[in-house]
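Accompanying notes for the structure given below.
The values are calculated or read from the model by the stated rules, or taken from the named source; none is laboratory data. Worth saying up front: this structure is predicted, and the values here are computed from it rather than measured. Neighbour counts run over all protein chains shown; Cβ positions are idealised from the backbone, glycine included. Each accessible area value is taken on the protein alone, full model and side chains, heavy atoms only, with ligands, DNA and RNA left out. Shrake-Rupley method; radii C 1.70, N 1.55, O 1.52, S 1.80 Å.
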Amino acid sequence: MLQLLGFEQRFINTSLGKMVYNSATDTPWQDRSTKPDRETLLFLHGFGGGSSAYEWSKVFPAFAAEYRVIAPDLIGWGESEHPQRNYKIEDYLTTIREFIEQTCTGRVTVVASSLTAAFVIRVAISHPDLFKSLILISPAGLSDFGQDYSRSFFAQLVSVPLVDRLLYSTGIATDAGIRSFLEQRQFAYSNRVYQELVDAYLQSAQQPNAEYAALSFVRGDLCFDLSLYIQQLTTPTAIIWGQKSQFTGPEIGRRFAEINPQAIRYFQPLENVGLTPQLELPAVTIGLIRKFLTLLDG
């Protein structure tokens, strides 16, 4: 369980079950001087074995004195409910929208990463009235510009019944499996991976029924071609992209920005960082978010 000073866990009910979120509700973030009408800053984690709101835990407390900060575990991940189902894209488009509608009273700024960030773009296209701005880390549908992730060897392997559960239990939801993935695939430098991070991912990965969402992701059931949607985006957006991201390189982000420069106003590549700069270089990520909050508000 993610426990941070001044934060508590709350929940709302979505059409797929309970969604747990972290909210700053106590000192040092809340006191008599706190403005009741502060803007909401919503942090949404990406997908992968053991993903949860922990992904943003080194970043979002830095904004709790100025914003109403909320950071949920998405359905199927972390402490939220884990329905036993093969998850589809529409499940996340729906529950992200439901979460925003139930927790936010005004237009919200969303900070999101990877495939979740791509989902947020689609929700912003269909419900632009919910959003003020977007600050996105490597937003990608993982089948962008005609690529088909679901045909990859690993996706095909995980599509084999029984093999998928075996791979999850022995290769993903273990201390060694998570550490290996973080060091070799997610981070640019392995020495930036620390045991607290591994433990947090492992705790999430070992929740009952956690394999359902994770395997749906790994099989490619949640992937799509974001390039087919990106031109419809109207919400002011900034994109941050790690230069050493192994799954989707920064050239994809540049192409997105070129397709829709009216909405995607800023594209910032980051040297020597991988898929999750919010974990690898949290101080730099905080600084960039602050910069784009100001620029997108202008």
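Annotations
- Test for SER15: is it open to solvent by 10 Å² or more (accessible area, probe 1.4 Å), among the hydroxyl-bearing types (Ser, Thr, Tyr), touching a Phe, Trp or Tyr at 6+ places or on another chain (Cβ under 6 Å) and within 24 Å of GLN207 (Cβ to Cβ): no
- The sole residue among LEU215, LEU197 that is buried (at least 18 other Cβ atoms within 10 Å of the Cβ), modelled with pLDDT of 95 or more, in a helix (DSSP H, G or I) and under 21 Å from the mean Cα position of the chain (by Cα) is LEU197.
- A count restricted to segment 14-28 and to residues that are touching a strand residue (DSSP E or B) at 6+ places or on another chain (Cβ under 8 Å) and in contact (Cβ under 8 Å) with a residue 24 or more places away in the chain stands at 7.
- Verdict on GLU79 being touching a residue at least 40 places away in the same chain (Cβ under 8 Å), part of a loop (DSSP other than H, G, I, E, B) and open to solvent by 20 Å² or more (accessible area, probe 1.4 Å): yes
- For segment 270-287, the tally of residues that are surrounded by 14 or more Cβ atoms within 10 Å (Cβ to Cβ) and over 22 Å from PHE47 (Cβ atoms) stands at 2.
- Answer from ALA53, ALA62, ALA71 - the residue that is within 20 Å of GLN3 (Cα to Cα), of a type in the set (Gly, Ala, Ser) and surrounded by fewer than 22 Cβ atoms within 10 Å (Cβ to Cβ): ALA62
- Condition check for LEU2: surrounded by fewer than 21 Cβ atoms within 10 Å (Cβ to Cβ) and under 22 Å from LEU182 (Cα atoms): yes
- Each residue in segment 17-31 was checked for being under 14 Å from ALA53 (Cα atoms) and of a type outside the set (Val, Ile, Thr), and 5 pass.
- For segment 111-124, the criterion of being closer than 21 Å to LEU2 by Cβ, open to solvent by 10 Å² or more (accessible area, probe 1.4 Å) and either modelled with pLDDT of 95 or more or touching a helix residue (DSSP H, G or I) at 6+ places or on another chain (Cβ under 7 Å) (or both) is met by at least one residue.
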